[in-house]
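Colleague: Please read through the structure below; I'll follow up with questions.
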Amino acid sequence: MNGFVYSRTVYVQGRPSMKHFINKIKALLGTSKKHLQVPILCYHSWTIGQDYLSDNHKALEADLKLLSRKGYSLLPVSQLVSILSGETPASAISGKKVVCITFDDGKSFDFNDDHVDGIGSITSFHTLLKQSQTSLPLAMEGERAVSFVIASPSARAELQRSLKDHPEQWQDDWWLTCANEGIIGIANHSWDHLHESVDQVRQRENKKGSFFDIDNYKDAEEQILAAQEYINHITRNQCLPLFGYPYGHAPSYLRDEYFPKNGKRLGIKAAFSTAGEPVTLNTCIWDIPRYVCGFHWKSVDELERLLDHIDKTPPTSNHKHNEEPVVDTYPVESTYADKAEHVIHQGFSVAEVDDAEFFVGDLFRRRFFTDSFPATPRHFVAFARSDNGQMIPLGYVHYTMWENCALCGGLVIDDRQYRRLTKPIRSAIREQGGIAELLLQASFKKLPNELTAIWGHVGNPQSEVVCKRAGFLRTTDPYVMVIWRDATLSEAEKTAWLNKVIEVGPF
């Protein structure tokens with residue numbers, strides 16, 4: 001194969017072009033001594049409630065004030081993509097502390113102020129961004145945020161009915177005005193999100209709840225091209241050339257094949273997941289990670305710790321910015337491999353381990369922005385075999401034993417390692433519900449049968465969906481979920497237990 005080698009990546013002649021290659025070198029040379037690291041924050045305007053954890057509007061308002069206080073500027077997402085693609089040198093933001101902001105799903109609360117019974121007045125994301133213009137300037141010219149919207153009118157109508165929302169809250173009549181004003185750009189979040197509330201989705205087997213099931217050309221065209229065309233029709237060709245993966249799921253087919261080959265035809269230059277990492281110059285432009293409010297951070301203090309952690313941590317190079325990704329050899333010591341093989345006997349397994357920090361300490365500290373690791377609970381780690389045959393840790397959860405109950409906490413999944421698995425193992429994991437669901441269900445079985453209950457504390461809808469699938473039930477408390485093990489308990493006894501757990505607080 002004719003080509004040339006640069007940074008362990010083979011660039012085939014004509015893909016990308018010599019101009020792209022030269023621009024990439026210019027961008028690299030234009031960086032400051034402190035390598036580029038840009039966090040992208042993601043919010044959902046349909047998350048409304050009474051406090052920071054339950055209301056993304058209150059969270060965004062507090063977070064914008066934090067960003068201003070810490071001296072950040074807002075970097076337009078479109079400009080970040082321009083830097084990653086080599087069109088703009090990274091020196092354009094040299095010396096600046098920058099952050100990008102995105103919104104997912106496209107409910108009208110992104111743009112319109114409103115009033116909701118039982119909640120009160122809703123200040124839209126658009127209004128909050130306008131109010132922050134003086135205190136939180138733009139680092140470069142462009143939009144202050146991007147709203148990734150669901151295109152299908154019928155899918156949005158079904159979402160409205162299933163969520164019992166007002167019909168006007170899922171309309172697209174605000175997209176054009178919003179795009180014209182330029183504070184929030186409008187971009188593609190797929191045709192129907194493969195949302196479980198939609199009766200018939202555009203997927204060959206009508207599979208829902210996971211965008212990993214978009215793994216072929218026809219389904220990709222139905223979900224991505226059709227959405228791009230519709231959004232451009234409504235916004236008069238002002239749809240930004242960006243795609244937000246539903247659920248944050250970046251299928252390898254889309255990331256490695258469909259987008260690199262068809263991006264120009266589609267009018268899409270970049271795609272965004274929710275892997276929970278800062279963006280660096282090594283980030284794959286078809287898998288740009290974001291942090292999700294309520295999942296990766298749950299308070300303004302946690303966001304501050306996240307930002308400080310990014311600011312002081314050297315960038316990683318797990319995502320390669322190229323058209324043909326190269327899989328690195330997994331750096332594993334022989335003692336690590338020995339320990340993993342001791343507890344793994346198949347392609348995917350969950351094991352209780354005493355030295356969980358050895359396997360997932362870095363992952364836990366990275367995701368929870370802490371220098372410590374839980375010492376006393378029972379630890380469970382999910383392992384799977386990577387594409388190079390190594391057994392690697394994919395996730396972690398711990399349980400604190402308390403008054404004949406188990407308090408479930410610390411659940412974290414390593415999206416980066418998940419991408420290293422072979423396609424058959426990834427497919428098997430998806431078909432069985434995903435890493436988090438499998439990890440929870442397997443660890444439940446290893447807990448004592450005589451427990452009164454297993455308790456969970458959730459802070460966002462994504463976590464709640466996973467917990468429900470694993471067997472947790474909602475309680476009258478908005479954050480506490482439970483699996484009752486003692487079938488003899490009366491409702492009064494269950495209420496008494498719930499009140500005791502609420503007093504314990506988050507765990």
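The values are calculated or read from the model by the stated rules, or taken from the named source; none is laboratory data. All of these numbers come straight from a predicted model, not from anything done at the bench. Cβ placement follows ideal geometry from the backbone for every residue including glycine, while neighbour counts extend to all protein chains displayed.
Colleague: With respect to A436, is the statement that it is touching a Leu at 6+ places or on another chain (Cβ under 7 Å) and either of a type in the set (G, A, S) or at pLDDT 90 or above (or both) true? Working first, answer last.
Modeller: On the way: touching a Leu at 6+ places or on another chain (Cβ under 7 Å): yes; either of a type in the set (G, A, S) or at pLDDT 90 or above (or both): yes.
It is true that A436 is touching a Leu at 6+ places or on another chain (Cβ under 7 Å) and either of a type in the set (G, A, S) or at pLDDT 90 or above (or both).
Colleague: Identify, by number, the condition in (1) out of contact with any His (no Cβ under 7 Å at 6 or more places or on another chain); (2) at pLDDT 80 or above; (3) part of a loop (DSSP other than H, G, I, E, B) that D362 doesn't meet.
Modeller: (3)
Colleague: Anything in the range 62-102 that is on the phi > 0 side of the Ramachandran plot and at pLDDT 95 or above? List them, or say none.
Modeller: If the condition is that a residue be on the phi > 0 side of the Ramachandran plot and at pLDDT 95 or above, then G71 is the only one that fits.
Colleague: Residues that are among the acidic types (D, E) and loosely packed, with under 14 Cβ neighbours inside 10 Å: does the range 99-109 have at least one?
Modeller: Scanning the range 99-109 turns up no residue that is among the acidic types (D, E) and loosely packed, with under 14 Cβ neighbours inside 10 Å.
Colleague: Let me confirm something: among A250, A220, which residue is buried (at least 23 other Cβ atoms within 10 Å of the Cβ) and either in the same structural domain as D287 (by TED's automatic domain parsing) or part of a helix (DSSP H, G or I) (or both)? It would help to see each step written out before you state the result.
Modeller: Values: A220 fails: buried (at least 23 other Cβ atoms within 10 Å of the Cβ).
Step by step, each of A250, A220 is checked, and only A250 is buried (at least 23 other Cβ atoms within 10 Å of the Cβ) and either in the same structural domain as D287 (by TED's automatic domain parsing) or part of a helix (DSSP H, G or I) (or both).
Colleague: Can you confirm whether K468 is within 23 Å of T376 (Cα to Cα) and of a type outside the set (G, A, S)? Give the steps one after another, and end with the answer.
Modeller: On the way: within 23 Å of T376 (Cα to Cα): no; of a type outside the set (G, A, S): yes.
In short, no.
Colleague: Then there is this: Can you go through L394, L363 and tell me which one is among the aliphatic types (A, V, I, L, M), touching a helix residue (DSSP H, G or I) at 6+ places or on another chain (Cβ under 6 Å) and touching a residue at least 40 places away in the same chain (Cβ under 8 Å)? Step through it out loud before you land on a result.
Modeller: On the way: L363 fails: touching a helix residue (DSSP H, G or I) at 6+ places or on another chain (Cβ under 6 Å).
Of L394, L363, the one residue that is among the aliphatic types (A, V, I, L, M), touching a helix residue (DSSP H, G or I) at 6+ places or on another chain (Cβ under 6 Å) and touching a residue at least 40 places away in the same chain (Cβ under 8 Å) is L394.
Colleague: Which members of the range 365-381 meet the condition of being outside any loop (DSSP other than H, G, I, E, B) and not aliphatic (A, V, I, L, M)?
Modeller: Here is the first cut: in the range 365-381, the residues outside any loop (DSSP other than H, G, I, E, B) are 365-368, 378-381.
Once the filter is applied, which keeps residues that are outside any loop (DSSP other than H, G, I, E, B) and not aliphatic (A, V, I, L, M), the range 365-381 yields R365, R366, R367, F368, R378, H379, F380.
Residues checked against (1) among the acidic types (D, E); (2) out of contact with any Leu (no Cβ under 6 Å at 6 or more places or on another chain); (3) outside the structural domain of D51 (by TED's automatic domain parsing); (4) within 30 Å of I48 (Cβ to Cβ):
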residue: R367; (1), (2), (3), (4): no, yes, yes, yes
residue: T422; (1), (2), (3), (4): no, yes, yes, no
residue: L447; (1), (2), (3), (4): no, yes, yes, no
residue: I454; (1), (2), (3), (4): no, yes, yes, yes
residue: E464; (1), (2), (3), (4): yes, yes, yes, yes
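Colleague: From D219, D173, grab the single residue that is in contact with a Lys or Arg (Cβ under 7 Å, 6 or more places away or on another chain) and free of Cβ contacts under 8 Å to residues at least 24 places away in the same chain. Full working, then the answer.
Modeller: Numbers: D173 fails: in contact with a Lys or Arg (Cβ under 7 Å, 6 or more places away or on another chain).
The match here is D219.
Colleague: Answer yes or no as to whether G395 is more than 22 Å from L306 (Cβ to Cβ) and buried (at least 21 other Cβ atoms within 10 Å of the Cβ). Steps first, answer last, please.
Modeller: Values: more than 22 Å from L306 (Cβ to Cβ): no; buried (at least 21 other Cβ atoms within 10 Å of the Cβ): yes.
When the stated conditions are applied, G395 does not pass them.
Colleague: Among residues belonging to the range 461-496 that are in contact with a Ser or Thr (Cβ under 7 Å, 6 or more places away or on another chain) and buried (at least 17 other Cβ atoms within 10 Å of the Cβ), point out the one that is nearest to Y43 (Cα to Cα).
Modeller: M481
Conditions (1) of a type in the set (V, I, T); (2) under 25 Å from R290 (Cβ atoms), marked per residue:
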{"position": "V412", "(1), (2)": "yes, yes"}
{"position": "R430", "(1), (2)": "no, yes"}
{"position": "A436", "(1), (2)": "no, yes"}
{"position": "E464", "(1), (2)": "no, yes"}
{"position": "C467", "(1), (2)": "no, yes"}
{"position": "F472", "(1), (2)": "no, no"}
{"position": "V480", "(1), (2)": "yes, no"}
{"position": "L489", "(1), (2)": "no, no"}
{"position": "I502", "(1), (2)": "yes, no"}
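Per-residue answers, yes or no, for (1) modelled with pLDDT of 95 or more; (2) surrounded by 14 or more Cβ atoms within 10 Å (Cβ to Cβ); (3) of a type in the set (F, W, Y):
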{"residue": "H126", "(1), (2), (3)": "yes, yes, no"}
{"residue": "L136", "(1), (2), (3)": "yes, yes, no"}
{"residue": "V146", "(1), (2), (3)": "yes, yes, no"}
{"residue": "I150", "(1), (2), (3)": "yes, yes, no"}
{"residue": "A157", "(1), (2), (3)": "no, yes, no"}
{"residue": "L176", "(1), (2), (3)": "yes, yes, no"}
{"residue": "G182", "(1), (2), (3)": "yes, no, no"}
{"residue": "I186", "(1), (2), (3)": "yes, yes, no"}
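Colleague: Also: Quick test of your reading of the structure: R385 fulfils all but one of (1) of a type in the set (K, R); (2) modelled with pLDDT under 50; (3) assigned to a strand (DSSP E or B). Name the failing condition by number.
Modeller: So R385 meets the others, but not (2).
Colleague: Another question, if that's okay. Among the numbered criteria (1) free of Cβ contacts under 8 Å to residues at least 60 places away in the same chain; (2) farther than 22 Å from W297 by Cα, which one does A442 miss?
Modeller: (1)
Colleague: Scan the range 185-210 residue by residue and report those that are assigned to a loop (DSSP other than H, G, I, E, B) and under 14 Å from I231 (Cβ atoms). If you could, list the steps in order and put the result at the bottom.
Modeller: Keep residues of the range 185-210 that are assigned to a loop (DSSP other than H, G, I, E, B), which gives 189-210.
Hits for the range 185-210 are H189, S190, W191, D192, H193.
Colleague: For the range 240-279, what are the residues that are at pLDDT 95 or above, over 19 Å from I184 (Cα atoms) and hydroxyl-bearing (S, T, Y)?
Modeller: Across the range 240-279, the qualifying residue is only Y258.
Colleague: Of all residues in the range 401-410, which are out of contact with any Ser or Thr (no Cβ under 7 Å at 6 or more places or on another chain), of a type outside the set (G, A, S) and surrounded by fewer than 23 Cβ atoms within 10 Å (Cβ to Cβ)?
Modeller: Passing the criteria: M401, W402, E403.
Colleague: A further question follows. Pull up the range 286-311, narrow it to residues that are surrounded by fewer than 22 Cβ atoms within 10 Å (Cβ to Cβ) and among the β-branched types (V, I, T), then point me to the one that is farthest from P241 (Cα to Cα).
Modeller: V300
Colleague: Another question, then. Filter the range 253-286 for residues that are within 16 Å of the chain's Cα centre (by Cα), more than 30 Å from D173 (Cα to Cα) and not in a helix (DSSP H, G or I) and give the result.
Modeller: Going through the range 253-286, the residues within 16 Å of the chain's Cα centre (by Cα) turn out to be 255, 270-279, 283-286.
Next, only the ones that are more than 30 Å from D173 (Cα to Cα) stay: 255, 275-279, 283-285.
A275, G276, E277, P278, V279, T283, C284, I285, listed by residue number.
Colleague: Condition test on R156, is it in a loop (DSSP other than H, G, I, E, B) and not assigned by TED's automatic domain parsing to the domain that holds R426? I'd like the intermediate steps shown before the answer.
Modeller: Details: in a loop (DSSP other than H, G, I, E, B): no; not assigned by TED's automatic domain parsing to the domain that holds R426: yes.
Criteria not met by R156.
Colleague: Among the residues of the range 388-431 satisfying the criterion of being of a type in the set (S, T, N, Q) and farther than 21 Å from S210 by Cα, which is modelled with the lowest pLDDT?
Modeller: Pass one, the range 388-431, residues of a type in the set (S, T, N, Q): 388, 390, 400, 404, 417, 422, 427.
Those left that are additionally farther than 21 Å from S210 by Cα: 388, 390, 400, 404.
Details: N388: 68, Q390: 71, T400: 94, N404: 95.
This residue is N388.
Colleague: Now for a different question. Which of the residues spanning the range 426-450 are among the aliphatic types (A, V, I, L, M) and crowded, with 18+ Cβ neighbours inside 10 Å? Before you say what the answer is, go through the steps one by one.
Modeller: Taking the range 426-450 first, the residues among the aliphatic types (A, V, I, L, M) are 428-429, 435-436, 438-440, 442, 447.
Once the filter is applied, which keeps residues that are among the aliphatic types (A, V, I, L, M) and crowded, with 18+ Cβ neighbours inside 10 Å, the range 426-450 yields I429, I435, A436, L438, L439, L440, A442, L447.
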